[in-house]
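**Student:** Please read through the structure below; I'll follow up with questions.
The values are calculated or read from the model by the stated rules, or taken from the named source; none is laboratory data. As the structure is a prediction and not an experimental result, all values here were calculated from the model. Neighbour counts run over all protein chains shown; Cβ positions are idealised from the backbone, glycine included. SASA here: full protein model, heavy atoms, side chains in, ligands and nucleic acids out. Shrake-Rupley method; radii C 1.70, N 1.55, O 1.52, S 1.80 Å.
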Amino acid sequence: MQGSTRRMGVMTDVHRRFLQLLMTHGVLEERDVKRLQKHCYKVHDCNATVEKLEDFINNINSVLESLYIEIKKGVTEDDGRPIYALVNLATTSVSKMASDFAENELDLFRKALELIIDSDTGFASSTNILNLVDQLKGKKMRKKEAEHVLQKFVQNKWLIEKEGEFTLHGRAILEMEQYIRETYPDAVKVCNICRGLLIQGQSCETCGIRMHLPCVAKYFQSSTEPHCPHCNDYWPHEVPEVFDPEKERETGMSRPNKRSLRSRQH
Amino acid sequence: MLQKPESGALPIPQAEREMDGSHDGETQALTASQEMAPSPLLQESPEEDLGAVREEGATEPCLTPRGARALAAKTLARRRACRRLDRTVAELVQFLLLKDRKKSPITRSEMVKYVIGDLKDLFPEIIARAADHLRYVFGFELKQLDRKHHTYILINKLKPIEDEEEALRGDGPRLGLLMMILGLIYMKGNSAREAQVWAMLRRLGVRPSKYHFLFGYPKRLIMEDFVQLRYLNYRRVPHTNPPECEFSWGPRSNLETSKMKVLGFVAKLHKKEPQHWPVQYREALADEADRARAGASVRARASTYPW
């Protein structure tokens, strides 16, 4: 076989602990990932300089490549926070969820997923999801039970709930983007700027193109009068602010997230 | 050039089958198993320069177009088989990691059913490679729980950090309860009657079927979860009337903790030193010595991981 000259990274206990903890959490925000990295260095190699996160992760990914998994970086759709998760490169649909949920629960997720993708806003109402409970594969599920299952999805960071409506968590998008694109090629929406899968976003009312909120923020960052990049019509929506990690720390908004770091991951 | 008959027996029919466009799976499986079994006909011929591929039989240089095609097809099939094997190993690694997060032992038949499929003859190689990956990449040791039933668990080889694990996993209280039970079992001579266990728990305010805010339903936790996870063994005591049952340490407890650790836990509870119980202390020392000896022999076997 052709000799592979790709230089493979080296794993130490620092990297192993990092991987284990990242897997335990499922998905982590960048700020918590950096803290996690520092923690791993402190435990296993306190004298070494902490490698730059990007290089650290690339190093691990070069080792993970032969296992068809990687640490993937994404961005939350609502406020542009960078997040990281360990994802499968060879997609087998909802495989990671399959070990935590029963057949009918997985089917409930699939039904919610379809409603979310088909919707215009990227949100599916609790009522609409629960109305599909009779069509689920596997053991019969009552609506009350389905409500609990939806909450389980939220706790495990597969769905986000906002005022009785559900959309996909950044983790689900990171893990399932390829699967979603392959399974729903016609219904899927794509961001005009980054070309990534789009669930939540803003759309031009004239030509219909869509953009992620963080992509809108970056694209219109320094323009006083935003115009649609496609049809040049006036952009009617409020332009959000670009996510600034420094600003976060000052205002002390990190506390609620600290709680989520400690919350139990199934 | 004609092929020597003894070297041509197996590969040629296979090559011909490939050119007929036979089923991929069949060819791959065959190639893969040929890959594993060292062939007595293996020879390296300088004339073959198709990426330095070893030939398993057809060692005579095949410079005819047909021969070259057969060689190329065989190379392709072998590469595909290797890739398939790699992917199966990778899937098994992911499967084991996922199953282990639920802390349930994984059986060989599950692995074959969900991951390995028709490559099951290569199970030993696949699981050995998966174990290497788990050890090198994630720091987990794949251990066979018992030889008879082919069940496996993952043990974390990284040094444990007390509060980090508890805070992250949120299993703290449940494992604390388990430690109490393991302690009782050990102090009572490595087995404790079920009645004794419940008596101890009742003193802690834990009743079998009453929902507890930390442990859920204790009876289910202990009799089902802990037993299923192999932390505890539960069996009928023979010749008892009315029939009584007893608990003893399960194989996972022996792997994840030790008599000395549990004795230390009990000692701390009573605010005493482990030596306060000379019988148990001696037994724990002997256990430590056994473990040290077992550990030394494992280290002597060098790791086969290429990195």
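**Student:** Mind checking the per residue accessible area of region A:189-243 for me, 1.4 Å probe, whole number of Å²?
**Tutor:** It amounts to 56 Å² per residue over region A:189-243.
**Student:** Given Cα positions, please report Rg to Rh for chain A, the hydrodynamic radius being the Kirkwood one.
**Tutor:** Details: Rg = 20.2 Å, Rh = 20.5 Å.
That ratio equals 0.99.
**Student:** Could you state the accessible area per residue of region A:94-184 in Å², with a 1.4 Å probe and every protein chain left in place?
**Tutor:** 47
**Student:** Quick one: give the max-minus-min coordinate of the C-alpha atoms of region A:128-248 along each principal axis, largest first, in Å.
**Tutor:** For region A:128-248, the Cα extents along the three principal axes come out at 55, 37, 25 Å.
**Student:** Using the Karplus curve 6.51 cos²θ - 1.76 cosθ + 1.60 with θ = phi - 60°, work out ³J(HN,Hα) for each residue of region A:228-240 in order, rounded to whole Hz, and write x for Gly and Pro.
**Tutor:** Calculated HN-Hα couplings, in order: 4, x, 9, 10, 6, 5, 4, 7, x, 9, 6, 8, x Hz.
**Student:** Work from the charge dipole of region A:13-67 (Cβ charges, +1 for Lys and Arg, -1 for Asp and Glu, about the Cα centre) and give the residue of A:18, A:62, A:47 farthest towards its positive end.
**Tutor:** With unit charges placed on the Cβ atoms, the residue in question is A:47.
**Student:** A further question on this structure: Any idea what the alpha-carbon Rg over 2.2 N^0.38 Å comes to for region A:94-184? Please report the intermediate quantities before stating the final value.
**Tutor:** Working: Rg = 12.0 Å, N = 91, 2.2 N^0.38 = 12.2 Å.
It is 0.98.
**Student:** What is the interface area between chains B and A, defined as buried accessible area summed over both chains with a 1.4 Å probe, reported in Å² to the nearest 100? Could the numbers behind the result be given before it?
**Tutor:** On the way: alone 19130 and 15560 Å², together 31680 Å².
Chains B and A together bury roughly 3000 Å² of accessible area.
**Student:** Also, quick follow-up: Among the lysines, which fall within straight-line cross-link reach of residue B:188, defined as a Cα-Cα distance under 25 Å, with same-chain neighbours fewer than 8 residues apart omitted?
**Tutor:** B:219, B:259, B:261, B:268, B:271, B:272
**Student:** As a test question: what accessible area, to the nearest 10 Å², does residue B:187 have when a 1.4 Å probe is rolled over all protein chains in place?
**Tutor:** Around 50 Å² of this residue is reachable by solvent.
**Student:** When the accessible area of each residue in region A:15-31 is compared between its chain alone and the complete protein assembly (1.4 Å probe; ligands, DNA and RNA ignored), which residues differ by at least 10 Å², being lower in the assembly?
**Tutor:** Residues meeting the cut-off: A:16, A:17, A:19, A:20, A:21, A:23, A:24, A:25.
**Student:** Hey, another quick one. Which three numbers, in whole Å and largest first, are the semi-axes of the equivalent ellipsoid of region A:189-243 derived from its Cα gyration tensor as √(5λ)? Please report the intermediate quantities before stating the final value.
**Tutor:** Values: eigenvalues 48, 40, 15 Å².
Equivalent-ellipsoid dimensions as semi-axes: 15, 14, 9 Å.
**Student:** Next up: Using +1 at the Cβ of each Lys and Arg and -1 at the Cβ of each Asp and Glu in chain A, identify which of A:123, A:28, A:198 lies farthest towards the dipole's positive end.
**Tutor:** Ranked along the dipole, the leading option is A:28.
**Student:** Just to check I understand the Karplus step: with θ = phi - 60° and J = 6.51 cos²θ - 1.76 cosθ + 1.60, what whole-Hz values come out for region A:20-27, glycine and proline as x?
**Tutor:** Rounded to whole hertz, the list is 4, 5, 4, 5, 4, 7, x, 9.
**Student:** Continuing with this model, one more query. List the residues of region A:47-71 whose accessible area drops by at least 50 Å² when all protein chains are present, compared with their chain alone, using a 1.4 Å probe and counting only protein heavy atoms.
**Tutor:** SASA drop of 50 Å² or more in region A:47-71: A:67, A:68.
**Student:** Region B:67-96: which residues show an accessible-area loss of 40 Å² or more, assembly versus chain alone, 1.4 Å probe?
**Tutor:** B:79, B:87, B:90, B:94
**Student:** With the full set of protein chains in place, find how many percent of the accessible area of chain A is carbon and sulfur; take the probe as 1.4 Å. Please report the intermediate quantities before stating the final value.
**Tutor:** Numbers: 6710 of 14070 Å².
C and S atoms contribute 48 percent here.
**Student:** Search the structure for amide H atoms under 5 Å from the amide H of residue A:189, placed 1.01 Å from N in the peptide plane, and list their residues when 5 or more places away or on another chain.
**Tutor:** Long-range HN contacts for residue A:189: A:198.
**Student:** Continuing with the same structure: About its Cα centre, what dipole magnitude does region A:13-67 give when the only charges are +1 on Lys and Arg Cβ and -1 on Asp and Glu Cβ, stated in debye to the nearest 20? List each step's numbers first, then the result.
**Tutor:** Details: 8 positive and 9 negative charges, 51 e Å.
That gives region A:13-67 a dipole magnitude of about 240 debye.
**Student:** For all pairs of alpha-carbon atoms in region A:13-67, what percent lies in each bin of width 5 Å, listed from the first bin to the last filled one?
**Tutor:** Here the calculated profile for region A:13-67 is 5, 19, 31, 30, 12, 3, 0.
**Student:** Within 10 Å of each Cβ in B:128-137, how many Cβ atoms from other chains are there, averaged over the peptide? Please list the in-between numbers first.
**Tutor:** Values: counts 0, 0, 1, 0, 0, 4, 1, 2, 4, 10.
Per residue, the number of nearby Cβ atoms from other chains is 2 on average.
**Student:** In nm, give the distance between the simple-model label positions of residue B:273 and residue B:240, each being 7 Å from the Cα along the Cα-to-Cβ direction.
**Tutor:** So the two model labels end up 3.6 nm from each other.
**Student:** I'd like the Karplus ³J(HN,Hα) series for region B:217-225: coefficients 6.51, -1.76, 1.60, θ = phi - 60°, whole numbers in Hz, and an x wherever there's a Gly or Pro.
**Tutor:** Result, ordered by residue: 8, x, 4, 5, 4, 7, 6, 9, 4 Hz.
**Student:** How large is the charge dipole for chain A, taken about the Cα centre, if only the Cβ atoms of Lys, Arg (+1) and Asp, Glu (-1) carry charge, to the nearest 20 debye?
**Tutor:** Values: 38 positive and 39 negative charges, 249 e Å.
Computed charge dipole of chain A: roughly 1200 debye.
**Student:** May I pose another question? Dividing the Cα radius of gyration by the Kirkwood radius, what Rg/Rh value follows for region B:177-303? Show your work: numbers first, answer last.
**Tutor:** Details: Rg = 16.3 Å, Rh = 15.9 Å.
With Rh from the inverse mean 1/r over Cα pairs, Rg/Rh is 1.02.
**Student:** Give me the Debye-computed log₁₀ of I(q)/I(0) at q = 0.14, 0.17, 0.22, 0.24 Å⁻¹ for region A:108-153, equal point scatterers on Cα only, no solvent, two decimals.
**Tutor:** Debye curve over Cα of region A:108-153, log10 I(q)/I(0) at q = 0.14, 0.17, 0.22, 0.24 Å⁻¹: -0.29, -0.43, -0.71, -0.84.
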